[in-house]
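**Student:** Below you'll find the structure I mean.
The values are calculated or read from the model by the stated rules, or taken from the named source; none is laboratory data. Keep in mind the model is a prediction, meaning the values are calculated, not measured. All Cβ positions, even for glycine, are placed from backbone atoms using ideal geometry, and neighbour counts span all protein chains on display.
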């Protein structure tokens with residue numbers, strides 16, 4: 001699954017919207033950024049990853065998903081260097097105000113940056129509802145003192161944490177080695193040390209699927225999102241069947257707009273899995289609504 005070479009776009013047809021029979025659908029993994037940062041992200045993907053199909057600015061991408069029938073969006077961002085977190089958090093808070101009751105925004109902070117605690121307090125006071133961290137981009141040790149400061153703040157403020165803790169998708173273009181920074185064992189230490197902290201690991205913990213399956217069965221404070229790994233896109237990627245996982249701890253996420261295929265490709269794969277209506281309700285909306293306290 002390592003992106004050693006640039007992958008191709010997929011020209012699959014996109015649906016006009018969610019089927020009417022779908023339950024309420026919440027996308028738990030959508031990226032928003034100021035336009036200049038989006039351009040930098042897309043430039044990186046063009047060179048090292050895959051072609052981004054939806055090169056929309058933040059207002060357009062949010063309107064697009066909502067127009068397709070997505071009922072609520074969890075908006076994520078991450079600071080790739082110290083000193084930009086406050087600006088990104090202000091951008092996130094202002095964006096959420098433009099879409100009342102439709103967008104839940106997550107804060108960012110760079111582990112180890114000065115005033116991390118104050119940055120997060122300001123973000124929460126502005127209405128942001130949790131924190132997103134990305135080990136591959138931010139290059140930090142999940143069990144370090146700097147990271148634990150953030151975990152402790154989230155736990156004490158009852159704010160959820162979304163942390164890209166899985167080893168994949170990885171790339172030699174990263175400034176650090178995800179296989180040295182990330183592991184299910186490291187994540188388990190966080191679960192043990194911060195039992196009151198709700199944690200979501202995106203991409204079902206790729207590529208340690210079985211290990212993360214076991215962790216969800218062992219710890220009630222762990223959730224996983226499905227972003228991109230159910231789409232039959234990455235070569236050699238075989239996630240554990242959702243039917244055999246703890247489905248009250250799985251939430252749908254798209255990774256929109258930074259995807260190389262249609263916006264609803266993953267939703268179609270989930271539909272094909274043949275879940276009961278009750279289970280589909282949980283995966284597509286109820287689990288995430290509970291995790292992020294949107295209801």
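**Student:** If you check every pair at least six apart or on different chains, which have Cβ atoms under 6 Å apart with a residue in segment 38-66 that is in a helix (DSSP H, G or I) first and a residue that is surrounded by fewer than 19 Cβ atoms within 10 Å (Cβ to Cβ) and at pLDDT below 95 second?
**Tutor:** What qualifies is 48/171; 48/173.
**Student:** Moving on. When you scan segment 146-159, do you find a residue that is under 16 Å from the mean Cα position of the chain (by Cα), farther than 17 Å from residue 79 by Cβ, at pLDDT 95 or above and surrounded by 21 or more Cβ atoms within 10 Å (Cβ to Cβ), even just one?
**Tutor:** Among the residues of segment 146-159, not one is under 16 Å from the mean Cα position of the chain (by Cα), farther than 17 Å from residue 79 by Cβ, at pLDDT 95 or above and surrounded by 21 or more Cβ atoms within 10 Å (Cβ to Cβ), which makes the answer no.
**Student:** How many residues, within segment 84-123, are within 30 Å of residue 67 (Cβ to Cβ), assigned to a loop (DSSP other than H, G, I, E, B) and over 20 Å from the mean Cα position of the chain (by Cα)?
**Tutor:** Within segment 84-123, residues that are within 30 Å of residue 67 (Cβ to Cβ), assigned to a loop (DSSP other than H, G, I, E, B) and over 20 Å from the mean Cα position of the chain (by Cα) number 1.
**Student:** All but one of (1) crowded, with 18+ Cβ neighbours inside 10 Å; (2) modelled with pLDDT under 95; (3) in contact with a helix residue (DSSP H, G or I) (Cβ under 8 Å, 6 or more places away or on another chain) hold for residue 49, so report the exception by its number.
**Tutor:** So the condition that residue 49 fails would be (3).
**Student:** Here is a list: 207, 177. Which entry is free of Cβ contacts under 8 Å to residues at least 12 places away in the same chain and on the phi < 0 side of the Ramachandran plot?
**Tutor:** Residue meeting the stated conditions: 177.
**Student:** When you go through (1) outside any helix (DSSP H, G or I); (2) surrounded by fewer than 19 Cβ atoms within 10 Å (Cβ to Cβ); (3) out of contact with any helix residue (DSSP H, G or I) (no Cβ under 8 Å at 6 or more places or on another chain) one by one for residue 232, which number turns out not to apply?
**Tutor:** Unmet for residue 232, out of (1) outside any helix (DSSP H, G or I); (2) surrounded by fewer than 19 Cβ atoms within 10 Å (Cβ to Cβ); (3) out of contact with any helix residue (DSSP H, G or I) (no Cβ under 8 Å at 6 or more places or on another chain): (3).
**Student:** Answer yes if at least one residue in segment 170-179 is over 22 Å from residue 110 (Cβ atoms) and surrounded by fewer than 21 Cβ atoms within 10 Å (Cβ to Cβ), and no otherwise.
**Tutor:** Yes.
**Student:** Next question, about the same structure. Please determine whether any residue of segment 109-117 is in contact with a helix residue (DSSP H, G or I) (Cβ under 8 Å, 6 or more places away or on another chain) and touching a residue at least 40 places away in the same chain (Cβ under 8 Å).
**Tutor:** Scanning segment 109-117 turns up at least one residue that is in contact with a helix residue (DSSP H, G or I) (Cβ under 8 Å, 6 or more places away or on another chain) and touching a residue at least 40 places away in the same chain (Cβ under 8 Å).
**Student:** Oh, and also: Of these, 250, 163, which one is under 16 Å from residue 287 (Cα atoms), modelled with pLDDT of 95 or more, under 13 Å from the mean Cα position of the chain (by Cα) and buried (at least 18 other Cβ atoms within 10 Å of the Cβ)?
**Tutor:** Answer to the selection: 250.
**Student:** Does at least one position in segment 264-286 carry a residue that is in contact with a strand residue (DSSP E or B) (Cβ under 8 Å, 6 or more places away or on another chain), at negative phi and surrounded by fewer than 21 Cβ atoms within 10 Å (Cβ to Cβ)?
**Tutor:** no
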